[in-house]
1. Quickly run through segment 351-386 and pick out the residues that are part of a helix (DSSP H, G or I), at pLDDT 95 or above and not hydrophobic (A, V, I, L, M, F, W, C).
2. Considering only residues that are open to solvent by 10 Å² or more (accessible area, probe 1.4 Å) and among the aromatic types (Phe, Trp, Tyr), look in segment 224-245 and name the one that is nearest to Glu149 (Cα to Cα).
3. Report whether or not Leu414 is over 26 Å from Phe249 (Cα atoms), surrounded by 16 or more Cβ atoms within 10 Å (Cβ to Cβ) and either of a type in the set (Ser, Thr, Tyr) or touching a helix residue (DSSP H, G or I) at 6+ places or on another chain (Cβ under 6 Å) (or both).
4. Based on this model, can you work out whether Ala248 counts as over 24 Å from Ala109 (Cα atoms), without any contact (Cβ under 8 Å) to a residue 40 or more places away in the chain, among the hydrophobic types (A, V, I, L, M, F, W, C) and open to solvent by 50 Å² or more (accessible area, probe 1.4 Å)?
5. Among the residues of segment 181-221, which ones are crowded, with 19+ Cβ neighbours inside 10 Å and of a type in the set (Ser, Thr, Tyr)?
6. Tell me which strands (runs of 3 or more DSSP E) are completely within segment 206-309 and hold 2 or more residues being farther than 30 Å from Arg438 by Cα, or say none if there are none.
7. Where the second residue is in a helix (DSSP H, G or I) and at pLDDT 95 or above and the first is at negative phi and of a type in the set (Gly, Ala, Ser) and lies in segment 423-447, which pairs have Cβ atoms under 9 Å and are six or more apart or on separate chains?
8. Of all the residues that make up segment 377-411, how many are open to solvent by 30 Å² or more (accessible area, probe 1.4 Å), out of contact with any strand residue (DSSP E or B) (no Cβ under 8 Å at 6 or more places or on another chain) and not hydrophobic (A, V, I, L, M, F, W, C)?
Amino acid sequence: MSRELHLTLFPLGVGHHEAAWLAEGTDPAGMHGLAHFAGLARIAEAAAFDAVFLADQLSLRDIVEFNPHEKLDPLVVLGALAASTERIGLVGTASTTFAEPYAVARQFASLDHVSGGRAGWNIVTTAEAEASENFGGPDGVTPRRPHEERYARAAEFVEVTRGLWDGWADDALVRDRGTGRYADPARITESRHRGAHFSVRGPLNVPRPPQGHPVLVQAGASEPGLEFAARVAELVFTAQYDHDESLAFTRDLQARAARHGRRPDEVLVLPGLIPVLGATEEEARHRESALHALGGGEHSLGLLSWLLGGVDLRKLPLDAPVPDAILPAEDEVGGQRARFALLVRLARRERLTLRQLLHQIAGGHGHRVIVGTPEQVAADIERWFRSGAADGFNVMPPVLPAGLEEFTEQVVPLLRRAGIFREGYAGTTLREHLGLLRPVRTGELVG
């Protein structure tokens, strides 16, 4: 078949469940070492995953007893993984809100070079007040940027970054020992960008990346975020609970991309997926319950309270439906609005109890948790893929490394047997894994 399922690995600490660090077989003391990340990346690479993805945040907002999700700098870790792996893509997060285009363009061009064309940039805007306070000016204060302004800055940021990558022609490096001519200055041009947010002369001091441009990834699902993704993103990470809603999301994104002159296959949609596996469905549900029993409730309660604008939830009964009165309208949820809007919709539609909603937060942070046998999980993945509700999934194991090992050993072979996932890598670059074309300097695309 011409269309192929795509799988990426999203490792977070020792697992995406908030109490994963308490689970048997995890190593919280080692989760900041290269061996931890390299081991996970090699497991995913052996299974021919498209990429490993590292998220980021710019403040220490929510680390408490049951949420050890502090983050190393993604670009530092991915640079090390470039030497520890051979084929798997390396996608890292960098914010357009507090960084500068020249630095980010240089970092990802460098990663693309040292990895042989495997880099991807997850483009985010940053809304948290705590992050703003870490990047203050002389008075120590940087006001939070409004939602629309953050995306306007992001759009110009990407424009500048692309221009810097294209400042070097592919044949700018001559390296002629006979004449002593290393580079052709005529094939290296300045950007001379002057815009509302940035003034950048260029050119970059790194040659054009092997992929032309590192793969552009985006995860925002607000209205400005969707329009931004439709214009620039090639891979979209998203949180989706429901098949039909995911199908509608994908079709909407493709229609938006078409209005920007892009083809549907230029934008791939990968919802997050947290698989909890068992030999039987009963065993899988028991394993999920055991994770919930380890802890994390207090943090989830605090996070939900924060998302609801400070509502005190401690006096509400855990096993009664969440009162409609405390659930805001989906367009009134504030920070992290798109992800939380899904939780609000889910709580209303399924009449979730407070305990069930807290479990959703503890287990998935707004992403879909699927509990079942390998056959059930593989069948569900195939249904979403064949219907067009997803082009693949961003796999988020609840416990690491066991959850990843189980998925690659038990689910991936079933996906191959169904004829939707590769046996091995056909190319060497991330663009080749994803079936994306390589941009040339003129903006035209070549195969």
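1. Pro374, Glu375, Gln376, Asp380, Glu382, Arg383, Arg386, listed by residue number.
2. Across segment 224-245, the extreme among qualifying residues is Phe237.
3. Against the criterion (over 26 Å from Phe249 (Cα atoms), surrounded by 16 or more Cβ atoms within 10 Å (Cβ to Cβ) and either of a type in the set (Ser, Thr, Tyr) or touching a helix residue (DSSP H, G or I) at 6+ places or on another chain (Cβ under 6 Å) (or both)), Leu414 qualifies.
4. Numbers: over 24 Å from Ala109 (Cα atoms): yes; without any contact (Cβ under 8 Å) to a residue 40 or more places away in the chain: yes; among the hydrophobic types (A, V, I, L, M, F, W, C): yes; open to solvent by 50 Å² or more (accessible area, probe 1.4 Å): yes.
Yes; evaluated as a whole, the condition is true for this residue.
5. Ser191
6. On the way: elements: 215-218, 235-238, 268-277.
In segment 206-309, the matching strands (runs of 3 or more DSSP E) lie at 268-277.
7. From segment 423-447, the pairs are Ala426/Glu432; Ala426/His433; Gly427/His433.
8. Residues that pass the stated criteria total 7.
The values are calculated or read from the model by the stated rules, or taken from the named source; none is laboratory data. These numbers come from a predicted model, not from an experiment. No Cβ is skipped: glycine too gets one built from the backbone with ideal geometry, and neighbour counts run over all protein chains shown. Protein only, heavy atoms only, side chains kept; ligands, DNA and RNA dropped before computing areas. Shrake-Rupley method; radii C 1.70, N 1.55, O 1.52, S 1.80 Å.
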